[in-house]
Amino acid sequence: MGKIVAVTGNEAGAEALRQVNPDVCGAYPITPQTDMMQRFSSFASNGKVDTEVILVESEHSSMSACIGAAAAGGRVITATSSQGLALMWEMLFIAAGDRLPIVMPVVNRALSAPLNIHGDHSDAMGARDSGWIQIWSENAQESYDNIIQAFRVAEHLDIRLPVMVCLDGFIISHSIERVEYLEDDKVKNFVGEYKQVNPLLDLEHPKSFGPLILPDLYHEYKRAQHEVMSKVKNVVLDVAADFEKMSGRKYGLFESYRLDDADIAMVILNSAAGTAKDVVDDFRNKGIKAGLLKPRLFRPFPYEEVANALKNVKAICVMDRADSFGAYGPLFVEIWSSMLHLDKKPLMTNKIYGLGGRDFMPDQAELVLNELVEIIKTGKVKTVKEYIGVRE
């Protein structure tokens, strides 16, 4: 039995990082991530971790320090949000392309302009094609569990790729929830000893990272990167199975909630899924077969598995807390793509909600599910993409 505590998502994230005890952390504060790195830095100052915390001058420098430390042969972490992730942009691709297993909690926050410090998914969605594995979390418990599992996924010898663990800014990062911590020795044994691969500090076997590659090999290098990503799903499931044996908590590529016989379904990420589940229950109590799918692994995206989970649903609304201007929402595009090979495709809509920290309320979920009921009756989708919760 672990220790049950009342903590914020940032506290839970910092505790997971403390229990793993990485070698190096490139730390830089940005709201609403600041508290996580501040707490972890205090662990280093108080001798509770052996981590070398490098206090850098920007998020670009933070990821640069992480890349250097990981290439040298260390287990490496950082954390960021919003504009900080955007400032890392150049270095994200280098970390992934160099196959460096850095773990980075991303406390999701809106991108400017206009300036906004509250939660939406525009930051991580903007980085979705950088080559990082992305794992998403509904609450503080999932954030804690996902961070611990992320090390096993990133450092697996068939993978060796960086992982970002996403949690909603303020809604998860600053809200106090019930979390069950695992014992330190269990986390240590679960994560295991760090295995170096081609460390730069092995002076007896010199090598280079990120050398110049011209057209004769670059294409092949990227194909190899693609092939590595194709192996991630199975590793995520294997790690989750081991984690369940240790903790009793079950994880998959996504969570299916009352989907087995559902006629209508919502697809929604992170904290808003909790609100939506309550409304799904209300509709079930009224005799309406509603369900929900909450993605956990967003990169690589589990197309086959998602299609199989949703194939019998008649109408689906995909909820995006980020917009891709001039296109459908990023999550909608993935779900839509998943369904293309099906002979009988569900009718689909895309709702943009909760940007800049706008609350996602139960009445919005009710609106969405009622619209799906109407779509089934008429067989028609009036508007595919639409903003909801807008003040007229």
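Summary of values
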quantity: Residue match in region 42-49 (condition: among the charged types (D, E, K, R), at pLDDT 95 or above and surrounded by fewer than 18 Cβ atoms within 10 Å (Cβ to Cβ)); calculated: yes
quantity: Condition met for LEU203 (farther than 18 Å from ASP158 by Cβ, modelled with pLDDT under 95 and of a type outside the set (Gly, Ala, Ser)); calculated: yes
quantity: Whichever residue in region 142-169 is of a type outside the set (A, V, I, L, M) and surrounded by fewer than 20 Cβ atoms within 10 Å (Cβ to Cβ) and, among such residues, is nearest to GLY252 (Cα to Cα); calculated: HIS156
quantity: Any chance MET125 is in the same structural domain as ALA240 (by TED's automatic domain parsing) and within 25 Å of VAL191 (Cβ to Cβ); calculated: no
quantity: Candidates ASN146, ASN139, ASN108, ASN116, filtered to the one that is farther than 18 Å from ARG296 by Cα and either polar (S, T, N, Q) or modelled with pLDDT under 95 (or both); calculated: ASN116
quantity: Matching residues in region 189-220 - criterion: being touching a residue at least 24 places away in the same chain (Cβ under 8 Å), of a type in the set (Phe, Trp, Tyr) and not in a loop (DSSP other than H, G, I, E, B); calculated: PHE190
quantity: Test: residue in region 254-269 that is crowded, with 17+ Cβ neighbours inside 10 Å and touching a His at 6+ places or on another chain (Cβ under 8 Å); calculated: yes
quantity: Evaluation of TYR194 against (1) more than 25 Å from GLY68 (Cβ to Cβ); (2) of a type in the set (Ser, Thr, Tyr); (3) surrounded by fewer than 24 Cβ atoms within 10 Å (Cβ to Cβ) (one fails), failing number; calculated: (1)
quantity: Residue within region 138-155 that is in contact with a helix residue (DSSP H, G or I) (Cβ under 9 Å, 6 or more places away or on another chain), aliphatic (A, V, I, L, M) and outside any helix (DSSP H, G or I) present; calculated: no
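The values are calculated or read from the model by the stated rules, or taken from the named source; none is laboratory data. Just so it is clear, the structure is predicted and the values come from calculations on it, not from any experiment. Please note: Cβ atoms are built from the backbone with ideal geometry, for glycine as well, and neighbour counts cover all protein chains shown.
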